[in-house]
Every structure is written in structure tokens, then in C-alpha cells.
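These notes are about the structure you will find just below.
Bear in mind these aren't lab numbers, they're just calculated from the coordinates by the rules spelled out. Quick caveat, the model's predicted, so the values are computed rather than measured. No Cβ is skipped: glycine too gets one built from the backbone with ideal geometry, and neighbour counts run over all protein chains shown.
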Amino acid sequence: MLNTNCVPSEGLVGPNERLKEQGRIHPIDPDDSHYVNLALHAEAGVIVSRDKHLLNLMDAARKEAQEFMAQFPAIRVIDPVELLQELEGPHVP
């Protein structure tokens with residue numbers, strides 16, 4: 001089941017410097033930190049993005065992703081297509 005507490009990474013929410021200062025800094029692209037910190041603050045289970053640096057946080061072959069997934073196991077980063085597939089649910093013929 002998809003956690004509907006989603007944080008869009010593009011267009012709807014701008015950077016929140018207070019959260020960025022208090023939160024986690026993205027190891028590869030610090031400009032993406034506010035999306036992760038907003039998700040943490042909002043207790044969101046999903047960040048929806050097309051940003052490769054955010055999506056790379058789910059690539060278990062990457063050291064920074066392993067650290068992220070260990071520290072924040074309740075947060076997933078998915079692309080919009082994956083979100084739509086999850087919202088549609090399984091297709092029954």
C-alpha cells in the first residue's frame with residue numbers, strides 16, 4: 001500500500017532553509033537536501049522525483065544510498081511513473 005503522505009520534489013515546495021540547516025545534507029547534491037528534510041519533517045513515506053541525485057538514494061549499490069536507507073528506512077524515492085503504477089494498483093484481467 002502506498003503511503004499517501006508524498007512530498008513532490010519539483011514545483012510545489014521551495015527550499016526551507018531552517019529545515020536544511022537542522023536536517024540532513026545530501027552527500028552528492030546539497031541543493032536536494034531540502035526535499036529529504038521536508039519529507040523527514042512531514043513524516044512522508046515517499047519523495048516523488050525525476051532528479052537523478054534523489055533517485056540514486058535508492059540504488060543499493062551506492063554507498064550514500066546504503067547509508068540513507070539504513071538511516072531512513074521509512075522513506076522511498078520514486079519517479080512519477082512508479083508513483084502512477086502504485087496508485088493504479090495491480091491489473092486484474
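Using the Karplus curve 6.51 cos²θ - 1.76 cosθ + 1.60 with θ = phi - 60°, work out ³J(HN,Hα) for each residue of the range 31-43 in order, rounded to whole Hz, and write x for Gly and Pro.
Those phi angles translate into 5, 8, 4, 5, 5, 5, 5, 5, 4, 4, 5, 7, 6 Hz.
Assuming 0.36 nm per residue, please report the length gained on full extension of the stretch residue 72 to residue 28 beyond their Cα-Cα distance. Spell out each step's value before the answer.
On the way: separation 44, 0.36 × 44 = 15.84 nm, distance 1.69 nm.
Full extension of this stretch gives 14.2 nm more.
Where Lys and Arg each count +1 and Asp and Glu each count -1, what net charge lies around residue 53 among other residues with Cβ under 12 Å from its Cβ? Display every interim value, and only then the final one.
Details: positive: 50, 52, 62; negative: 29, 31, 32, 51, 59, 64.
So the surrounding residues net to -3.
Would you please give the residues with an amide H less than 5 Å from that of residue 77, counting only those at least 5 places away or on a separate chain, with H modeled from the backbone geometry?
47
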